[in-house]
Amino acid sequence: MQHIIGVDIGTTNTKAIAFTTAGIVIAQANITYTPVIATAGKHELDPDILFDAVVQTIRQVTRQTAESSLLGIAFSSAMHSLIAVDATGKPLTNVITWADLRSTRQATQLKNTATGKRIYQRTGTPVHPMSPLCKLLWMKEEWPEIFSVAHKFIGIKELIFYRFFDQYLIDHSIASATGLFDIYEVDWNKEALLLTGLTRERFSTPVSTTHSVTGLKKEYADDLGIDPATPFIVGASDGCLANVGSGAMQPGDMSLTIGTSGAVRMTGSKPQHDSKERIFNYILTEQWYVSGGPINNGAVLLKWYAEHFLERSFNSTADFEWFLRHAAQAPAGAEGLVFLPYVQGERAPVWDAAAKGVFFGIQAAHTQAHFMRAIVEGINYALYQVAQSVEETIGPVQHIYASGGFTRSPQWLQWLADLFGKEISVSSTGDASAAGAAIIGLQALGIQDTLAHPNSAVLSEERFVPNEQQHTIYQRNYAVYSTLYDRLKDVFQL
């Protein structure tokens with residue numbers, strides 16, 4: 001038997017799966033970690049802990065698959081991270097993640113300018129504190145000593161490949177999420193570089209998402225128990241690969257993900273212009289682009305509410321199930337209680353780091369269960385609003401494919417199906433981004449000829465059919481939800 005390993009490097013955990021050429025997951029590993037800094041506006045991870053997690057997950061999977069032949073290792077990674085490193089590759093900063101909001105002022109100043117609008121159109125990345133472009137503008141002002149002496153500015157995956165191979169490589173997918181990369185010329189954007197005052201030499205070399213490298217350093221080959229000649233495929237971003245891993249690659253297919261945050265995405269053969277600047281356009285391969293929008297506030301809000309309002313720790317699947325079980329005690333629509341879930345600001349479709357969370361419509365009859373249900377429904381409404389933006393730009397949605405940690409909850413999936421009024425399918429692979437990395441790796445190795453018709457492993461094993469009565473209730477509440485931000489956005493700035 002032959003297999004490939006798909007590795008997904010996230011902001012809360014790193015996952016690895018062994019994926020056979022027939023599309024069967026035969027082994028998996030998962031290492032979790034926590035931020036070294038996670039306060040208001042700040043979110044950083046320890047780069048050494050991230051690297052160790054990658055090594056550990058690969059090692060665990062290779063030990064579980066000793067009887068199978070390893071074809072290669074392919075990677076998925078979270079987007080928008082930034083690390084400054086010196087000439088020896090030593091990090092001068094922690095990993096500044098997508099959730100870091102310290103560059104809010106710089107993003108706000110740039111967003112509505114002619115320069116900001118041109119950069120958005122050419123790079124496909126909305127101007128927002130999540131983007132490395134805005135982080136660099138902030139670093140230039142606030143950490144000038146580091147900014148001036150840094151040899152390179154890189155992301156999570158680039159750090160991994162440098163330590164394994166002494167090469168600074170960035171795939172086109174991750175690059176297209178930096179706000180610094182022209183998705184039409186497939187090269188660093190001159191105007192964005194000029195804005196930062198940096199030259200292309202201070203960034204990694206862009207390569208295709210199917211680019212592979214061999215010659216793993218002996219120390220790591222010995223540690224992992226693999227041949228140094230094993231191909232390492234650079235892969236793509238976690239969002240783009242979630243579409244591949246969940247099978248959402250045909251016209252009308254939408255991928256919907258909820259983990260710590262959330263996202264809605266559709267694929268196409270070219271970037272899609274949105275005059276309202278609500279959605280992103282990222283490169284998957286030379287033939288495929290992924291368009292969509294992310295939300296900041298996903299399942300992390302369940303933990304936030306449980307710990308801060310219910311004084312209950314929230315760290316396990318059992319805690320997740322407990323929250324949804326209590327939320328289900330309230331009826332659909334939470335009897336008019338609507339939650340605007342912008343507790344950590346928001347990305348799509350409003351792209352406003354100053355946005356705030358709001359409970360609206362509180363009445364004496366509302367109980368704890370109503371508030372808990374309103375939180376879950378607020379997350380769902382946020383995704384639904386992004387989905388509407390994507391549909392307006394790209395075209396109607398025919399099929400929805402779900403992935404992410406929330407797919408462990410049939411209850412949550414049913415509520416989403418009821419809101420969208422469409423059937424929702426769940427991938428059988430477990431982790432869609434890691435599976436997507438494995439699939440693009442198989443294509444890079446010439447074993448699979450296309451991403452458009454992946455093998456049977458990504459076919460859905462569960463389907464959730466909408467309830468029309470519940471759909472009507474949710475649409476009534478959504479009509480309220482969709483007006484709240486516009487009515488309050490000026491107040492949020494105070």
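Conditions tested, residue by residue: (1) surrounded by 19 or more Cβ atoms within 10 Å (Cβ to Cβ); (2) modelled with pLDDT of 95 or more; (3) closer than 29 Å to residue 247 by Cα.
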| site | (1), (2), (3) |
| --- | --- |
| 361 | no, yes, no |
| 371 | yes, yes, no |
| 382 | yes, yes, yes |
| 391 | no, yes, yes |
| 401 | yes, no, yes |
| 421 | no, yes, yes |
| 426 | yes, no, yes |
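Restricting to helices (runs of 4 or more DSSP H) lying wholly in segment 101-152: which have 1 or more residues that are without any contact (Cβ under 8 Å) to a residue 12 or more places away in the chain and not aromatic (Phe, Trp, Tyr)?
The qualifying helices (runs of 4 or more DSSP H) are 104-111, 114-123, 144-149.
Which of (1) surrounded by 17 or more Cβ atoms within 10 Å (Cβ to Cβ); (2) within 27 Å of residue 492 (Cβ to Cβ) is the odd one out, the single condition residue 320 does not satisfy?
(2)
Can you give me the number of residues within segment 92-114 that are over 23 Å from the mean Cα position of the chain (by Cα) and within 21 Å of residue 354 (Cβ to Cβ)? Show your work before the answer.
Quick first cut of segment 92-114, residues over 23 Å from the mean Cα position of the chain (by Cα) only: 92, 105, 109-110, 112-114.
Narrowing further to those that are within 21 Å of residue 354 (Cβ to Cβ): 105, 109-110, 112-113.
Going through segment 92-114 one residue at a time, the tally reaches 5.
Based on this model, can you work out whether residue 195 counts as among the aliphatic types (A, V, I, L, M), more than 25 Å from residue 11 (Cβ to Cβ) and assigned to a loop (DSSP other than H, G, I, E, B)?
Numbers: among the aliphatic types (A, V, I, L, M): yes; more than 25 Å from residue 11 (Cβ to Cβ): yes; assigned to a loop (DSSP other than H, G, I, E, B): no.
Judged against the criteria, residue 195 is not a match.
Look at segment 1-42 and say how many of its residues are hydrophobic (A, V, I, L, M, F, W, C), more than 30 Å from residue 93 (Cβ to Cβ) and not in a loop (DSSP other than H, G, I, E, B).
Residues that pass the stated criteria total 7.
Does segment 82-94 include one or more residues that are surrounded by fewer than 18 Cβ atoms within 10 Å (Cβ to Cβ), out of contact with any His (no Cβ under 8 Å at 6 or more places or on another chain), modelled with pLDDT under 95 and assigned to a loop (DSSP other than H, G, I, E, B)?
no
One line per residue, one yes/no per condition, for (1) at positive phi; (2) out of contact with any helix residue (DSSP H, G or I) (no Cβ under 7 Å at 6 or more places or on another chain):
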| site | (1), (2) |
| --- | --- |
| 214 | no, yes |
| 226 | no, no |
| 235 | yes, no |
| 238 | no, no |
| 264 | no, no |
| 277 | yes, no |
| 286 | no, yes |
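Restricting the search to segment 301-343, which residues are assigned to a helix (DSSP H, G or I) and of a type in the set (S, T, N, Q)? I'd like the intermediate steps shown before the answer.
Taking segment 301-343 as the starting set, the residues that turn out to be assigned to a helix (DSSP H, G or I) are 301-309, 317-327, 332-336.
If the condition is that a residue be assigned to a helix (DSSP H, G or I) and of a type in the set (S, T, N, Q), then 317 is the only one that fits.
Within segment 227-250, work out how many residues are in contact with a Gly (Cβ under 7 Å, 6 or more places away or on another chain), surrounded by fewer than 23 Cβ atoms within 10 Å (Cβ to Cβ) and within 20 Å of residue 281 (Cβ to Cβ).
Residues in segment 227-250 being in contact with a Gly (Cβ under 7 Å, 6 or more places away or on another chain), surrounded by fewer than 23 Cβ atoms within 10 Å (Cβ to Cβ) and within 20 Å of residue 281 (Cβ to Cβ): 0 in total.
Please enumerate the residues belonging to segment 196-215 that are under 26 Å from the mean Cα position of the chain (by Cα) and either of a type outside the set (Ser, Thr, Tyr) or farther than 24 Å from residue 437 by Cα (or both).
Taking segment 196-215 as the starting set, the residues that turn out to be under 26 Å from the mean Cα position of the chain (by Cα) are 196, 200, 202-213.
Scanning segment 196-215 gives 196, 200, 202, 203, 206, 207, 211, 213.
A quick yes/no check of all residues on (1) of a type outside the set (A, V, I, L, M); (2) over 20 Å from the mean Cα position of the chain (by Cα); (3) at pLDDT 95 or above; (4) not in a strand (DSSP E or B):
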| site | (1), (2), (3), (4) |
| --- | --- |
| 53 | no, no, yes, yes |
| 58 | no, yes, yes, yes |
| 72 | yes, yes, yes, no |
| 79 | no, no, yes, yes |
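The values are calculated or read from the model by the stated rules, or taken from the named source; none is laboratory data. No experiment lies behind these values; they were computed from the predicted model shown. Don't worry about glycine lacking a Cβ; one is built from the backbone with ideal geometry, like all the others, and counts go over all protein chains shown.
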